[in-house]
Amino acid sequence: MLKLYYSPGACALASHIALEEAGAQFELQLVNLREGQQKSPEFLAINPAGSTPALVTPEGVLTENAVILGYIAQTHPDAKLADLDSRFNFHKMLSFCGFLGASLHPAIGRALFARPPLEGEAKDAAVEAGMVKYRIVEDSLFKGPWAMGDHYTVADGYLYVFCRWVKAAGLLDPERFPKLNAHIARMQARPAVQRALATEGIPAV
Ligand SMILES: N[C@@H](CCC(=O)N[C@@H](CS)C(=O)NCC(=O)O)C(=O)O
């Protein structure tokens, strides 16, 4: 059985949604980031980087959402969570996930979750730098109606996590980001997403 280490509302929600969409057999293990559980020896033995998500599979541990998402899509082909017939399309999807994980996530994470929190001009500058990444998604990377085009993929759950953060923070103006706002609504209508939110005890936005 798969085991996902997660923290409510954090980026592991993307992997959680993918497991729900896949109809996978899995269990969840909470890592309390506020209490610093990610730095405990027990968790560092799972992921030495001290971050969630981590997915324990029968073959070993996988980390990094982009990788976990690709693994879930490939190991649950019947769920059709990626274009598994086209090597190019599959990797195009991973490119998108790579942008989210390597570029957008650190930028918006710094703006919203820096410890200690940013304030004043420093916060404004960080928010602006973060929202530049959402502009790239809204204007260029997002194909519609789903991230990669006509078909839902695991990349949609990943995009949703980050859109959820900025929507909750009042930063995703519907007039400036119509596609991303519509995507949030489309995601939150999916039963798998509703199950993941309910299990993590976090609200829709
Ligand atoms: N690129 C990694 C980022 C993982 C990451 O930074 N996770 C955050 C939660 S969103 C975390 O666990 N941070 C640990 C901490 O705050 O110390 C991924 O996508 O899996």
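The values are calculated or read from the model by the stated rules, or taken from the named source; none is laboratory data. Here the structure is a predicted model, which is why all the values come from computation and not from measurement. Cβ sites come from the backbone with ideal geometry, for glycine too, and all protein chains shown count toward neighbours. Just the protein is used for accessible areas: all its heavy atoms, side chains included, with ligands, DNA and RNA removed. Shrake-Rupley method; radii C 1.70, N 1.55, O 1.52, S 1.80 Å.
Listed values, structure above:
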{"read-out": "Test: residue in region 42-64 that is free of Cβ contacts under 8 Å to residues at least 60 places away in the same chain, within 23 Å of residue 22 (Cα to Cα) and among the charged types (D, E, K, R)", "value": "yes"}
{"read-out": "So residue 129, is it free of Cβ contacts under 8 Å to residues at least 12 places away in the same chain and part of a helix (DSSP H, G or I)", "value": "no"}
{"read-out": "Residue check, residue 23 in contact (Cβ under 8 Å) with a residue 24 or more places away in the chain and within 29 Å of residue 133 (Cα to Cα)", "value": "no"}
{"read-out": "Qualifying residues in region 164-195 (those that are in a loop (DSSP other than H, G, I, E, B) and among the hydrophobic types (A, V, I, L, M, F, W, C)) - the one surrounded by the fewest Cβ atoms within 10 Å (Cβ to Cβ)", "value": "189"}
{"read-out": "Residue match in region 119-126 (condition: out of contact with any Lys or Arg (no Cβ under 6 Å at 6 or more places or on another chain) and buried (at least 17 other Cβ atoms within 10 Å of the Cβ))", "value": "no"}
{"read-out": "Helices (runs of 4 or more DSSP H) within region 1-108 that include 1 or more residues more than 11 Å from the ligand (Cβ to nearest atom) and open to solvent by 50 Å² or more (accessible area, probe 1.4 Å)", "value": "41-46, 65-75, 87-99"}
{"read-out": "Lone unmet requirement of (1) assigned to a helix (DSSP H, G or I); (2) surrounded by 14 or more Cβ atoms within 10 Å (Cβ to Cβ) for residue 205", "value": "(1)"}
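To keep it simple, each residue is scored yes or no on (1) under 14 Å from the mean Cα position of the chain (by Cα); (2) under 25 Å from residue 82 (Cα atoms).
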{"residue": "100", "(1), (2)": "yes, yes"}
{"residue": "131", "(1), (2)": "no, no"}
{"residue": "145", "(1), (2)": "no, yes"}
{"residue": "149", "(1), (2)": "no, yes"}
{"residue": "160", "(1), (2)": "yes, yes"}
{"residue": "164", "(1), (2)": "yes, yes"}
{"residue": "184", "(1), (2)": "yes, yes"}
{"residue": "189", "(1), (2)": "no, yes"}
